[in-house]
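Colleague: Please see the structure below; I have some questions.
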């Protein structure tokens, strides 16, 4: 397998810890009502299936580390992390549907619509999106209503038509485009489809801390990190294997879709990813040593094997 | 056609006015970015198609009238109305999908997935849900962050697994149930599937007014109004025709599904609807003459022909 070996075991252990804590909170939140009627239990089961015990939790990590760096209590940071992971899980469930990418495998197990059925997957995704906002708006997330409202507002802008969903529509258009999209459109696509939610995750700690200048620095960091992450994704689509990735690979190349790799070549894409990592790390300068884990996250984004 | 004639022309004109104002705001909000990439324009077009120029706007009316009664500025009330209509529109788009009810007709025109395609309909629905929260969390909706956060929290509880989506799952379970559900489960189903969002609409004015006792009275009003509305829906499914309804009729009876009509009979259902209307109106007692339009809305819920 091509690509450098992962050299950040300390960071990966740390990521695993945050994943465990986030999963624990999500497990509590995703508890069905005791008086559930027929059908309801299946919905909660599908929501748990799509959300728990899988995924790298990179977004949760960005939320928790940004918050930690700014002195936000862990319990609040974990709620933002849980919300962003619900939102991310919903997007994967819907992306995998037969009407969309029609994928059978996700995070190393059958996709939600394969494990349940299409209707349940649509509704579980819908309810996971709603849950993300319910978690953020809950008084447990912050005592200041303005902070909760701003979290909801920022997540909505990141997740909706101006962000993730809009990016997904560009991605669908890319599949049927007569001429492949140029680098400017690919960059916009990725900034919307994956970048916006990564940015929200990174900013959430600063929103919880009510620190506008930290928020701007973290937004800049996240913009570069998101691009680094996506370029690595395109490289893994070419270089990775199904087992390590837990999902189908070489889909983009087979579909003749323009990616960072098709536009820049493998070496060019690697260099571009490294440049984005450097810019991400540079954006953290004002935070000093406290930003160590966020620097490692930028390194991880371009070294990861899955 | 059976059923009494609508005797509330004044109310219907009023409803039409609120519909026009809500549509105007939604039309402004649903403006695509000027630098949209391929695919994005189609998303916004589908969102507009699913949301604008159709529907009774009963939910918008409840939001606007509740707010008006409590002295909330019209501009704020219309934002809550727009949010609840986005949420409602998303739920219809997803309910109509082939994997769900597989309907071709909605509000007198082709369903969104028929007019566009399944993937676009899924994503337009997703983005409309997000937009509902974006509208509520925006500082334009209320200067007090706590009010915005509470609107988001209440909408999330109404729309997600504990509310609308959970109710939809019970409804799907009803279609394959070996024995039809009893009245208790049907009531729970409807309270979740349609009642929760109607209740949010009615409560939103009190949330904007920061008036907890008004909120409780409006919640009680809405619980009864929602049931009245749903019983009327079941009656219309039996008595209505496609042209007036703008959607397929007699689906429940053909599917052998338990409804208020199958459980109570036509006369029993009419009486139950009237009782719910009376209870809804009784819940408004403390508001005096200011609640006139909300009383008319309860009357409209059981008299409407579509």
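Colleague: When only residues in the range B:102-120 that are under 19 Å from the mean Cα position of the chain (by Cα) and within 14 Å of another protein chain (Cβ to nearest Cβ) count, which is modelled with the lowest pLDDT? Please lay out each step first, then the result.
Modeller: As a first pass, look at the range B:102-120 and keep what is under 19 Å from the mean Cα position of the chain (by Cα): B:103, B:105-109, B:111-112.
Of the ones still in play, those that are also within 14 Å of another protein chain (Cβ to nearest Cβ) are B:103, B:111-112.
On the way: B:103: 94, B:111: 97, B:112: 98.
Residue satisfying both the conditions and the ranking: B:103.
Colleague: Could you tell me whether the range A:170-178 includes any residue that is surrounded by 22 or more Cβ atoms within 10 Å (Cβ to Cβ), within 7 Å of chain B (Cβ to nearest Cβ), assigned to a helix (DSSP H, G or I) and modelled with pLDDT of 95 or more?
Modeller: Checked the range A:170-178: at least one residue is surrounded by 22 or more Cβ atoms within 10 Å (Cβ to Cβ), within 7 Å of chain B (Cβ to nearest Cβ), assigned to a helix (DSSP H, G or I) and modelled with pLDDT of 95 or more.
Colleague: Moving to a separate point now. So which of A:280, A:273, A:297, A:258 ends up being surrounded by 15 or more Cβ atoms within 10 Å (Cβ to Cβ), touching a residue at least 24 places away in the same chain (Cβ under 8 Å) and over 30 Å from residue A:180 (Cα atoms)?
Modeller: Values: A:280 fails: over 30 Å from residue A:180 (Cα atoms); A:273 fails: over 30 Å from residue A:180 (Cα atoms); A:258 fails: over 30 Å from residue A:180 (Cα atoms).
Residue meeting the stated conditions: A:297.
Colleague: In this structure, is residue A:251 surrounded by 17 or more Cβ atoms within 10 Å (Cβ to Cβ) and at pLDDT below 95? I'd like the intermediate steps shown before the answer.
Modeller: Values: surrounded by 17 or more Cβ atoms within 10 Å (Cβ to Cβ): no; at pLDDT below 95: yes.
No; evaluated as a whole, the condition is false for this residue.
Colleague: Being at the interface with another protein chain (Cβ under 8 Å from one of its Cβ atoms), part of a helix (DSSP H, G or I), touching a residue at least 12 places away in the same chain (Cβ under 8 Å) and under 19 Å from residue B:26 (Cβ atoms) is the requirement here; does residue B:123 meet it? Before the answer, list the steps.
Modeller: Numbers: at the interface with another protein chain (Cβ under 8 Å from one of its Cβ atoms): yes; part of a helix (DSSP H, G or I): yes; touching a residue at least 12 places away in the same chain (Cβ under 8 Å): yes; under 19 Å from residue B:26 (Cβ atoms): yes.
Against the criterion (at the interface with another protein chain (Cβ under 8 Å from one of its Cβ atoms), part of a helix (DSSP H, G or I), touching a residue at least 12 places away in the same chain (Cβ under 8 Å) and under 19 Å from residue B:26 (Cβ atoms)), residue B:123 qualifies.
Colleague: From the list B:219, B:191, pick out the single residue that is more than 8 Å from chain A (Cβ to nearest Cβ), touching a helix residue (DSSP H, G or I) at 6+ places or on another chain (Cβ under 6 Å), surrounded by fewer than 23 Cβ atoms within 10 Å (Cβ to Cβ) and assigned to a helix (DSSP H, G or I). Lay out the reasoning, then the answer.
Modeller: On the way: B:191 fails: touching a helix residue (DSSP H, G or I) at 6+ places or on another chain (Cβ under 6 Å).
Of the residues listed, the single one that is more than 8 Å from chain A (Cβ to nearest Cβ), touching a helix residue (DSSP H, G or I) at 6+ places or on another chain (Cβ under 6 Å), surrounded by fewer than 23 Cβ atoms within 10 Å (Cβ to Cβ) and assigned to a helix (DSSP H, G or I) is B:219.
Colleague: Within the range B:28-67, can you find the residues that are under 19 Å from the mean Cα position of the chain (by Cα), more than 14 Å from chain A (Cβ to nearest Cβ) and part of a helix (DSSP H, G or I)? Before the answer, list the steps.
Modeller: First, the residues of the range B:28-67 that are under 19 Å from the mean Cα position of the chain (by Cα): B:47-67.
Checking which are more than 14 Å from chain A (Cβ to nearest Cβ) leaves us with B:52-67.
Correct list: B:58, B:59, B:60, B:61, B:62, B:63, B:64, B:65, B:66, B:67.
Colleague: Oh, and also: Go through the range B:40-53 residue by residue and tally those that are buried (at least 17 other Cβ atoms within 10 Å of the Cβ) and touching a residue at least 24 places away in the same chain (Cβ under 8 Å).
Modeller: The total comes to 7.
Colleague: Restrict the check to the range B:86-100 and report whether at least one residue is free of Cβ contacts under 8 Å to residues at least 24 places away in the same chain and at the interface with chain A (Cβ under 9 Å from one of its Cβ atoms).
Modeller: From the range B:86-100, those free of Cβ contacts under 8 Å to residues at least 24 places away in the same chain are B:98-99; that's our starting set.
Within this subset, residues satisfying the condition of being at the interface with chain A (Cβ under 9 Å from one of its Cβ atoms) are B:98-99.
Scanning the range B:86-100, I find at least one residue that is free of Cβ contacts under 8 Å to residues at least 24 places away in the same chain and at the interface with chain A (Cβ under 9 Å from one of its Cβ atoms), so the answer is yes.
Colleague: Moving on to the next point. Looking at residue A:137, is it over 18 Å from residue B:128 (Cβ atoms), surrounded by 24 or more Cβ atoms within 10 Å (Cβ to Cβ) and touching a residue at least 12 places away in the same chain (Cβ under 8 Å)? Spell out the reasoning first.
Modeller: Values: over 18 Å from residue B:128 (Cβ atoms): yes; surrounded by 24 or more Cβ atoms within 10 Å (Cβ to Cβ): yes; touching a residue at least 12 places away in the same chain (Cβ under 8 Å): yes.
Taking the combined requirement at face value, the residue satisfies it.
Colleague: Same structure again: Quick check on my filter: what residues within the range A:151-169 are more than 7 Å from every other protein chain (Cβ to nearest Cβ) and within 14 Å of the chain's Cα centre (by Cα)?
Modeller: A:155, A:158, A:163, A:164, A:167, listed by residue number.
Colleague: Restricting to the range A:206-223, name every residue that is over 20 Å from residue A:78 (Cα atoms) and under 21 Å from the mean Cα position of the chain (by Cα).
Modeller: A:216, A:217, A:220, A:221, A:223
Colleague: Here's a follow-up. Looking at (1) in contact (Cβ under 8 Å) with a residue 24 or more places away in the chain; (2) under 21 Å from the mean Cα position of the chain (by Cα), which is the only condition residue B:180 fails?
Modeller: With (1) in contact (Cβ under 8 Å) with a residue 24 or more places away in the chain; (2) under 21 Å from the mean Cα position of the chain (by Cα) applied to residue B:180, the lone miss is (2).
Colleague: Identify all residues within the range B:39-58 that are in contact with a helix residue (DSSP H, G or I) (Cβ under 8 Å, 6 or more places away or on another chain) and under 11 Å from residue B:19 (Cβ atoms); write none if there are none. Reasoning before the result, please.
Modeller: Of all residues in the range B:39-58, those in contact with a helix residue (DSSP H, G or I) (Cβ under 8 Å, 6 or more places away or on another chain) come to B:39-40, B:42-43, B:46-53, B:55-58.
B:52, B:53, B:55, B:56, B:57, B:58, listed by residue number.
Colleague: Where residues in the range A:140-150 are surrounded by 24 or more Cβ atoms within 10 Å (Cβ to Cβ) and facing chain B (nearest Cβ under 8 Å), which of them is farthest from residue B:156 (Cα to Cα)? Working first, answer last.
Modeller: First pass over the range A:140-150, keeping only residues surrounded by 24 or more Cβ atoms within 10 Å (Cβ to Cβ): A:141-142, A:148-150.
After this cut, where a residue has to be facing chain B (nearest Cβ under 8 Å) as well, the list is A:148-150.
Details: A:148: 13, A:149: 13, A:150: 16 Å.
Ranking the candidates gives A:150 first.
Colleague: In the range A:256-297, which residue that is assigned to a helix (DSSP H, G or I) and on the phi > 0 side of the Ramachandran plot is modelled with the lowest pLDDT?
Modeller: Filtering the range A:256-297 down to residues assigned to a helix (DSSP H, G or I) leaves A:260-282, A:285-297.
Filter once more, keeping what is on the phi > 0 side of the Ramachandran plot: A:265, A:288.
Numbers: A:265: 93, A:288: 96.
Here the answer is A:265.
Colleague: Can you tell me how many residues within the range A:68-85 are outside any helix (DSSP H, G or I) and either surrounded by fewer than 17 Cβ atoms within 10 Å (Cβ to Cβ) or without any contact (Cβ under 8 Å) to a residue 12 or more places away in the chain (or both)?
Modeller: Taking the range A:68-85 first, the residues outside any helix (DSSP H, G or I) are A:70-73.
Checking which are either surrounded by fewer than 17 Cβ atoms within 10 Å (Cβ to Cβ) or without any contact (Cβ under 8 Å) to a residue 12 or more places away in the chain (or both) leaves us with A:71, A:73.
Adding up the residues that qualify gives 2.
The values are calculated or read from the model by the stated rules, or taken from the named source; none is laboratory data. Predicted, not measured: the structure shown is a model, and the values here were computed from it. Cβ coordinates were reconstructed from backbone atoms using ideal geometry, including for glycine residues, and neighbour counts include every protein chain displayed.
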